[in-house]
């Protein structure tokens, strides 16, 4: 009887240890700061952008999960040409996490798209031979009435892919600090000079806080 009782205790103990070893959050949400070093692949030199991003991750087990990533970055004066530009990414794909007691390095490959919007201020003086009309009007601006300022706007959506990884440091059961997530971000935005698709090789850095749910 004692042997049976001892065996039962051992089996139960091993079961608890196995559950603890496989303990993992079933869902994670991330909010943080994003810096992107962008390569325009045109005559415009490489430039820096800043913004924020958020992620939602669903974990199938301790190691494999699925991530949805949404973020936006901005630069108001690219190349000193006063190009006011905003880039919005929406990506999703698999993630592999290696979970230790307090450290969780992870690696992911994400696919999706990038929405790029750019505007530039233009100044002009209306004259009789070259009238200027405001959008939605049929009457030109009076000639020689002084300079006016308008903004030319261009936007497009193209393929994007992010490959990289990062490191989370556990603060408590539900909060971790993401010290770094570094991704190679490939985009296929159109060159507005020749209207051809071009590859842009960008580098994206993210840091912030990760919130976990469902862990025992």
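Summary table below
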{"quantity": "For residue 69: the one exception among (1) in contact with a strand residue (DSSP E or B) (Cβ under 7 Å, 6 or more places away or on another chain); (2) modelled with pLDDT of 90 or more; (3) over 30 Å from residue 188 (Cα atoms)", "calculated": "(3)"}
{"quantity": "Whichever residue in the stretch 156-173 is part of a loop (DSSP other than H, G, I, E, B) and either within 16 Å of residue 32 (Cβ to Cβ) or without any contact (Cβ under 8 Å) to a residue 40 or more places away in the chain (or both) and, among such residues, is nearest to the chain's Cα centre (by Cα)", "calculated": "171"}
{"quantity": "Matching entry among 134, 122 (being touching a strand residue (DSSP E or B) at 6+ places or on another chain (Cβ under 6 Å) and at pLDDT below 95)", "calculated": "122"}
{"quantity": "Close pairs from the stretch 66-82: first on the phi > 0 side of the Ramachandran plot and surrounded by fewer than 15 Cβ atoms within 10 Å (Cβ to Cβ), partner in a strand (DSSP E or B) and modelled with pLDDT of 85 or more, Cβ under 9 Å, at least 6 apart", "calculated": "79/47; 82/76"}
{"quantity": "Qualifying residue in the stretch 195-203 (condition: at pLDDT 95 or above and touching a strand residue (DSSP E or B) at 6+ places or on another chain (Cβ under 7 Å))", "calculated": "yes"}
{"quantity": "Flag if residue 38 is touching a strand residue (DSSP E or B) at 6+ places or on another chain (Cβ under 9 Å) and closer than 17 Å to residue 157 by Cα", "calculated": "yes"}
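The values are calculated or read from the model by the stated rules, or taken from the named source; none is laboratory data. It should be emphasised that the depicted structure is a prediction, and the values quoted were computed from it without experimental measurement. As a convention, Cβ positions derive from the backbone with ideal geometry for all residues, glycine included, and neighbour counts pool all protein chains shown.
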